[in-house]
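Throughout, read-outs are computed from the coordinates displayed, never taken from laboratory work. Everything numeric in this text was worked out from a predicted model, so none of it was measured. No Cβ is skipped: glycine too gets one built from the backbone with ideal geometry, and neighbour counts run over all protein chains shown.
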């Protein structure tokens with residue numbers, strides 16, 4: 001992921017990432033595997049791009065059902081790669097929120 005982000009310099013330097021709406025999600029193999037720190041680091045790169053971050057915050061109770069990460073949905077996976085938490089509703093909420101914010105930006109809505 002870091003290598004991919006590092007290749008985006010030309011795009012953001014030419015202004016092609018400015019005002020693009022972005023949102024991040026993460027996973028780890030242990031419950032406290034740095035999911036929040038990973039998202040914050042990801043968002044730091046996106047801030048350099050001039051992107052608009054659409055974090056879910058605590059905008060819906062489904063966030064708490066998925067572990068309560070306000071920066072983005074995160075999930076723990078077991079040794080076989082199976083998700084431990086049920087994050088489907090949180091992922092759907094975060095995706096819908098991101099699309100709604102992108103539509104507002106595109107349409108010039110103030111709220």
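Protection proxy ranking, highest mean first, for peptides 43-51, 5-13: 43-51, 5-13, where packing is the per-residue count of other beta-carbon atoms within 10 Å, averaged. Over the chain, DSSP H runs of length four or greater, each weighted -39,500 (n - 2.57), average out per residue to a 222 nm ellipticity of -13000 deg cm²/dmol. Here each label is just a point 7 Å from Cα along the line to Cβ, and for residue 107 and residue 48 those points are 3.4 nm apart. Across the chain, Cα pairs under 8 Å and at least six residues apart give a relative contact order of 27 percent. Computed from the C-alpha gyration tensor, the three semi-axes of the ellipsoid equivalent to the chain are 26, 19, 10 Å, from longest to shortest.
In this calculation the C-beta distance from residue 11 to residue 99 is compared with R0 = 22 Å, giving a FRET efficiency of 0.55.
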